1. As an exercise, find the ratio Rg/Rh for the range 144-189 from alpha-carbon atoms, using the Kirkwood inverse-distance average for Rh.
2. Could you tell me which of the pairs 63/122; 4/63; 157/178; 21/93; 5/49 are separated by over 27 angstrom between their Cα atoms in the structure shown?
3. Mind ordering 27-34, 94-101 by average Cβ neighbours within 10 Å, highest first?
4. With N denoting the number of residues in the range 146-239, provide Rg(C-alpha) divided by 2.2 N^0.38 Å, to two decimal places.
5. Given +1 on the Cβ of Lys and Arg, -1 on the Cβ of Asp and Glu, and no further charges, what dipole in debye does the range 86-169 carry about its Cα centre, rounded to the nearest 20?
6. Please order 154, 138 by the number of other Cβ within 10 Å, starting at the fewest.
7. Which whole-number value in Å³ per residue fits the convex hull of the alpha carbons of the range 94-166?
8. Tell me, in nm to one decimal, what length is gained between residue 150 and residue 110 on full extension, where the rule is 0.36 nm per residue of separation less the Cα-Cα distance?
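Quick note: the coordinates plus some simple rules give every number you see, no bench work behind them. None of these values were measured; they are calculated from a predicted model. For neighbour counting, all protein chains shown are included, and Cβ atoms are generated from backbone atoms with ideal geometry for every residue, glycine included.
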Amino acid sequence: MMIKKKEMPEVHEIVIGNVTKINPYSIVVDLEEYPGKFGMVHISEISRKWVADIKEAVKIGQKVVARVISIQDNNISLSMKRISEHEIEEKQKAYKREQKAQRILREIAKELRLSPEDAYKKIGIQLEDKFGEMFSAFQTAGQNPEHFRQLVAFDEKTANVIIDVSEKFMEKVEREIKGVLNLSFASPDGIEKIKKILSEVPDDVQVKYISAPQYSLSLKTKNLKQGERRLNEISQEIIKKAKAEGGTASFEVQR
């Protein structure tokens, strides 16, 4: 069951639900985003085409996307025909993202010993205000935790729980980390020394010449912190070798 964010949908809002009852001239839809609320679709609002037999047009248990066309005394009227295919597709995508976001929020609530509703009030609303939706917030927390910390105003414990849970649920995207290496030798055989040192760089790190004495080092990683640490370790090894051969070297990660 979805966490109830508000009591009722708004007129013109696009909602999603399951058909629970078929009457001779209407169907009843259980609104998934509004637990305990139902909407009615009149036979004339089911399709742009003529519906001769309502039971042929829809089935019990069918998931439908509809637009709220009126609300009177808590009676919600819906239309399945006043909505485009694009709107249906976008709603289905958004709903799947919201379902995943709410699963993450429930796990966060358990860790913080909050009810799902209280977790939404304390955490979810702020995330929606900042990121537009909870899914995007959890995606950022799981893939770029330091950036997430900069954008939110939670206490350290709450932020840590959000990040830890998000990292478990969100598939991490591979990102590229880059840095600039300054490497030079004053000796006549300096170029040969540079070639030798750079040839010993691990295969997962890409080396590109920028302009003397600068070189670009980059690697791809799904964990920014670990990737940055590895790139720094490799650069320090290069610097150590350069100094041992009488050269000068420095490295800086590009953020």
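1. 1.35
2. Table pairs above 27 Å Cα-Cα are 63/122; 157/178; 5/49.
3. Sorting 27-34, 94-101 by mean packing, highest first, produces 27-34, 94-101.
4. 1.46
5. 240 debye
6. Going from least to most buried by this count: 154, 138.
7. 74 Å³
8. 12.0 nm
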